[in-house]
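A short reminder: the numbers here are calculations on the coordinates, not readings from a lab. Computed from a predicted model, the values in this text were never measured in an experiment.
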């Protein structure tokens, strides 16, 4: 279940980066990248705690 949240957050982040690039919005791209990095970090921490 926690992995699903991380995957959805990465998908939303990727959409933010793509839409920000199409609209020339550097702020939206930054928020998308921050969301992706946070979701990957969350997923890795969750995987390491499970073992």
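Before moving on, here are some points about what is shown:
- Helix 2-22 vs. the chain, principal-axis angle (Cα, 0 to 90°, nearest 10): 10
- Two numbers describe the Cα atoms of the chain: Rg and Dmax, which are 12.3, 42 Å.
- Relative contact order (percent, whole number), the chain, Cα cutoff 8 Å, 6+ residue spacing: 41
- The helix-based estimate of mean residue ellipticity at 222 nm for the chain, built from -39,500 (n - 2.57) per DSSP H run of four or more residues and divided by its residue count, is -31000 deg cm²/dmol to the nearest 500.
- Taking Cα atoms only, the orientation of helix 26-49 departs from the longest principal axis of the chain by about 10 degrees.
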